[in-house]
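Working notes, structure below.
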Amino acid sequence: MTNPLHADHYADRAVQQRVTVLENVQLARDTYRLRFEAPQLARQIVPGQFVMIRLAGCNDPLLGRPLALYDTVLSPSGEPIAIDVVYLVVGKLTSRLAKVSPGQTLDVWGPLGNGFPPTPAEHLIMVAGGIGQTPFPALAQEFLGSRTYGSPPRSVPRAGRVTLCYGARSADYLAGVEDFERLGISVRISTDDGSQGHHGLVTDLLGLELARVSRETDVTPQNWEINPPPLQNGDPAELMTAYPGTRVVCCGPEKMMEQVAKISALLRIPCQVSLETPMACGIGICFSCVAKVRDESGNWDYKRTCVEGPVFEAEKIAW
Amino acid sequence: MTTPPPADSAPVDLSVQLGRLRLPNPILVASGTAGMLNSIGLDNDGIDAFLEHHLPYLATVGAPTIVSIAGRDCDEFIAICAQLEGHAGAAAVELNISCPNVSHGVDLGTDPALCAKVVAGCRAACSLPIIAKLTPNVTNIATIAKAAADAGADAISAINTCLGMAIDWRRRRPLLGNVVGGLSGPAIKPIALRAVYQIARAVKIPVIGIGGIATIDDVMEFLVAGATAVQIGTANFYNPQGTMALLDQLPAALAMLGAKSVADVVGTLVVP
């Protein structure tokens, strides 16, 4: 018997283990890629899921921290054997994590959360702000058909086009751009200070990308605008979209995700957001990571980001 | 605790008697929740949803279910107890008269007369074993425990979280939504040990130790201090499989003291 109120992605199948660090390399300012050996976890995890990481045998900080799957690492024979996560140094744990060397151990439990649904998309637009690019290398490869994830491997119809819109404070914070470029996807960059790419917000990049798609001509920041498609029969529920097959996935600061959700709703483009909330356990028992999520009738209730998310339909979030 | 048990040790009886409630072992998972500071409160669907959805499921997992309840006032505690009466699957009820994030709860657990009133009311309303969960945020926790025992509580559980606070001084803002919150985890273990020791000396009913318990050494310290059982809360957050490990380690730890059962070590602290 299962609890009927349990989330679909309850942590019953997660494993807790002590893992060995293989690499911990700096990618950008205050940003590192951590690789640890975890074959079972690497076989199970899918894009958008996360792991909890804690310094082994250390009670300061006491609690673990959630970090999204950046990618899995394959052995020469093609078997998933290790996990990559990318983190920004923000507080005590990430500061100490940055000093961890290969051979040291960490306590890890996962895979956790629901991950991005394998919903088909002709054009997948990934919108990332700050350190929000981290769930997307795996997702991009899955939609490009170049990698599979999960056990058994989940099936995702190949997308015709994958685009990354990635905004950061400044050029020195951009982490992993070459990883995305290597995949052969379109990478569009914005920075708050104009030190690289578009001088402005990543939401501008999304608007530009959508304007470009609808016109299939050159669009510049000076001439782009978003026009909602006309409703047939005046019924928004029809989801008649000007962007058939387009799907937006988003991860970043809350205000940015809210704006991306608004743009997507205006154009009736399906949009999923991956929330980042303060999280203590990652397995659904502490209720610290709750977000306001609407039900079918439009009323909101607190949902746990760890087991009922972190990926939610953007239209369901009560921002 | 790395020393293996003596090879010729007899099997150790892990079962414990909490008043009328018999448990197969003394390691319990705590309700709700260096230290952890929270102002989460008690997020739940209410007693009706609990009885309809959660309790039938919990009855199937193979461990006795102690229902930890909180009401906004004395009458609500009693009403919930009355609703629990007769529900198969509930082995006992724990009265959380001590959650620092639910202000009325603190009031009931900080005054001996109010504590006695809510325990007596619940005692009259339901026949399940009643456990009173106490707050450490009082001058004399033994007085409160004695009031609960005299009013008919079958056991005392202690402690709930210690009131605490965290501040972002750069922004001059509290870090918790409720300004102050409850501190738990290893940081409060010495406070909890002291409280359990004081309560166990003051009352005849069993005490369940709570507060920063994470290792087998912690478990043994609480048993020796006078706890008949322990609850693991915060450690579940940072070591999800740790509670099961404690159960595996317990027989060897008891054997090290030559104990044949948990009861053999409970309250055996030698104070020079």
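What residue, among those in segment A:285-317 that are surrounded by fewer than 19 Cβ atoms within 10 Å (Cβ to Cβ) and not charged (D, E, K, R), is farthest from the other protein chains (Cβ to nearest Cβ)?
Restricting to residues being surrounded by fewer than 19 Cβ atoms within 10 Å (Cβ to Cβ) and not charged (D, E, K, R), the top hit is A:298.
Any residue at all in segment A:179-201 that is basic (Lys, Arg) and crowded, with 16+ Cβ neighbours inside 10 Å?
Yes - at least one qualifying residue is present in segment A:179-201.
Which condition number does residue B:67 fail, the rest of (1) modelled with pLDDT of 90 or more; (2) within 19 Å of residue B:227 (Cα to Cα) being met?
Residue B:67 satisfies all of (1) modelled with pLDDT of 90 or more; (2) within 19 Å of residue B:227 (Cα to Cα) except (2).
Scan segment A:86-97 and give yes if some residue there is of a type in the set (Phe, Trp, Tyr), within 30 Å of residue A:314 (Cβ to Cβ), assigned to a strand (DSSP E or B) and out of contact with any Gly (no Cβ under 6 Å at 6 or more places or on another chain), otherwise no.
Yes, because at least one residue in segment A:86-97 is of a type in the set (Phe, Trp, Tyr), within 30 Å of residue A:314 (Cβ to Cβ), assigned to a strand (DSSP E or B) and out of contact with any Gly (no Cβ under 6 Å at 6 or more places or on another chain).
Can you name every residue in segment A:144-194 that is in a strand (DSSP E or B), more than 28 Å from residue A:111 (Cα to Cα) and among the small types (Gly, Ala, Ser)?
Within segment A:144-194, A:186, A:190 meet the criteria.
Of all the helices (runs of 4 or more DSSP H) wholly in segment B:182-272, which have at least 2 residues that are more than 13 Å from chain A (Cβ to nearest Cβ)?
B:189-202, B:216-225, B:242-256
Going through segment A:68-105 one residue at a time, which ones are polar (S, T, N, Q) and under 20 Å from residue A:57 (Cβ atoms)?
A:94, A:95, A:101, A:104, A:105
Of all residues in segment A:62-100, which are touching a strand residue (DSSP E or B) at 6+ places or on another chain (Cβ under 9 Å) and over 25 Å from residue A:174 (Cβ atoms)?
Residues satisfying the conditions are A:62, A:63, A:64, A:74, A:75, A:80, A:81.
If we keep just the residues of segment A:198-229 that are within 23 Å of residue A:170 (Cα to Cα) and among the acidic types (Asp, Glu), which is modelled with the lowest pLDDT?
A:209
Could you look through segment A:265-275, keep only residues that are farther than 13 Å from residue A:317 by Cα and under 19 Å from the mean Cα position of the chain (by Cα), and pick out the one that is farthest from the other protein chains (Cβ to nearest Cβ)?
The residue in question is A:269.
Consider residue A:59 carefully, then state whether it is of a type in the set (S, T, N, Q), within 14 Å of chain B (Cβ to nearest Cβ) and part of a loop (DSSP other than H, G, I, E, B).
yes
Identify the residue in segment A:66-93 that is of a type in the set (Ser, Thr, Tyr) and farther than 14 Å from residue A:42 by Cα and, among all such residues, is surrounded by the fewest Cβ atoms within 10 Å (Cβ to Cβ).
A:77
With respect to residue B:182, is the statement that it is among the small types (Gly, Ala, Ser) and more than 19 Å from residue B:16 (Cβ to Cβ) true?
Considered against the rule, which asks whether it is among the small types (Gly, Ala, Ser) and more than 19 Å from residue B:16 (Cβ to Cβ), residue B:182 comes out as yes.
So in segment A:102-147, with the set limited to residues that are in contact with a Lys or Arg (Cβ under 7 Å, 6 or more places away or on another chain) and hydroxyl-bearing (Ser, Thr, Tyr), which one is farthest from residue A:168 (Cα to Cα)?
Per the criteria, the residue is A:105.
Which of the residues belonging to segment A:94-103 are surrounded by 14 or more Cβ atoms within 10 Å (Cβ to Cβ) and more than 14 Å from chain B (Cβ to nearest Cβ)?
The answer is A:94, A:97, A:98, A:100.
Quick one: how many residues across segment B:236-249 are of a type in the set (A, V, I, L, M, F, W, C) and surrounded by fewer than 22 Cβ atoms within 10 Å (Cβ to Cβ)?
3
Could you go through segment A:152-159 and let me know if any residue there is in the same structural domain as residue A:31 (by TED's automatic domain parsing), closer than 26 Å to residue A:202 by Cβ and touching a helix residue (DSSP H, G or I) at 6+ places or on another chain (Cβ under 8 Å).
No, segment A:152-159 contains no residue that is in the same structural domain as residue A:31 (by TED's automatic domain parsing), closer than 26 Å to residue A:202 by Cβ and touching a helix residue (DSSP H, G or I) at 6+ places or on another chain (Cβ under 8 Å).
With the condition kept exactly as written, say whether any residue in segment B:149-159 is within 14 Å of chain A (Cβ to nearest Cβ) and crowded, with 24+ Cβ neighbours inside 10 Å.
The answer is no, given that none of the residues of segment B:149-159 is within 14 Å of chain A (Cβ to nearest Cβ) and crowded, with 24+ Cβ neighbours inside 10 Å.
If you check residue B:140 against the conditions, is it under 15 Å from the mean Cα position of the chain (by Cα), polar (S, T, N, Q) and under 30 Å from residue B:187 (Cα atoms)?
Taking the combined requirement at face value, the residue does not satisfy it.
Restricting to segment B:52-91, what's the tally of residues that are under 13 Å from residue B:121 (Cβ atoms) and either in a strand (DSSP E or B) or in contact with a Lys or Arg (Cβ under 9 Å, 6 or more places away or on another chain) (or both)?
Going through segment B:52-91 one residue at a time, the tally reaches 3.
Which of the residues that make up segment A:255-313 are part of a helix (DSSP H, G or I) and farther than 21 Å from residue A:129 by Cα?
Those that are part of a helix (DSSP H, G or I) and farther than 21 Å from residue A:129 by Cα: A:307, A:308.
The values are calculated or read from the model by the stated rules, or taken from the named source; none is laboratory data. Just so we're clear, the structure is a prediction, and the values are computed from it rather than from any experiment. Virtual Cβ from ideal backbone geometry, glycine too; neighbours counted across all protein chains shown.
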